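A short write-up of the structure that comes next.
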Amino acid sequence: MMSVFENICRTLPVLAVTTCLGTAGALVPTAGSTPAFAETAVQPEKNPPGDIPDSQVFIDYASPQGFAMKVPEGWARSDRADGASFVDKLDGVVVSVSKADAAPTAESAKANYVPGLLKAERAVKVSAIKPVTLPAGPAIRIVYTSNSEPNAVTNKQVRLENERYLFFKDGKLVTLELYAPKGADNVDQWQLMSNSFRWK
């Protein structure tokens, strides 16, 4: 039985990796992506941008894929066949849906998901993979840092911090990714969004 983590797609330009299905063991980056072989982690900014302000308003996003959650009002939204992304400068929220045979575990994520993540993203350093219980039910939380894509004009990169949540129900896997420059203070806002996820 094929693991749902055996393939990873790189979705640009929102600096996000979302799980997808395909040929077992294959990495399928989209046009414009570059596998990060042996790339060195860039130094985080001393005063990083990317703080979501305390005054930020959050609105409901209802996906036709059968789930809903709160997202920041005013962020640029891009709809895709498998989900949507919401981006503001170097901050982003990405939700995607794929089919799955079973709920992921911390062990299966470490064994099957993380190796692909290390190859698909830039200078990835995973710091935590653990099960969590959220209002929507059990999920797997993956925490890691990575380099951004180089700026098209300046070629500058930014060190990013990422949190990813994997939700499973009735053969459907939803991946929620939150990212921002490393050191930005978004703990409360990220918690609000991950806790707001719910199945419809």
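At a glance:
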read-out: Sorted by Cβ density within 10 Å, fewest first, the residues 167, 197; value: 197, 167
read-out: Potential extension, residue 45-residue 156 segment - 0.36 nm per residue separation minus Cα distance; value: 38.8 nm
read-out: Paramagnetic reach from residue 60 in the stretch 180-200 [backbone N under 19 Å; point 7 Å along Cα→Cβ]; value: 192-200
read-out: Chymotrypsin sites (Phe, Trp or Tyr not before Pro) lying in DSSP loop within the stretch 37-136, provided at most 15 other Cβ fall within 10 Å; value: 37
read-out: Packing-based exposure ordering (other Cβ within 10 Å, fewest first) of 105, 145; value: 105, 145
read-out: Relative exposure of 122, 141, 80, judged by other C-beta atoms within 10 Å (fewest first); value: 80, 141, 122
read-out: Inter-part distance where the stretch 65-144 and the stretch 148-171 are each reduced to a Cα centre, Å; value: 10 Å
read-out: Gain on full stretching of the segment that runs from residue 192 to residue 68 - 0.36 nm per residue minus C-alpha separation; value: 43.3 nm
read-out: Residues of the stretch 122-141 with amide N under 20 Å of the 7 Å Cα→Cβ point at residue 169; value: 131-141
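No lab work stands behind these numbers, since they all come straight from the coordinates. Since the structure is predicted, the reported quantities are computational estimates derived from the model, not experimental observations. As a convention, Cβ positions derive from the backbone with ideal geometry for all residues, glycine included, and neighbour counts pool all protein chains shown.
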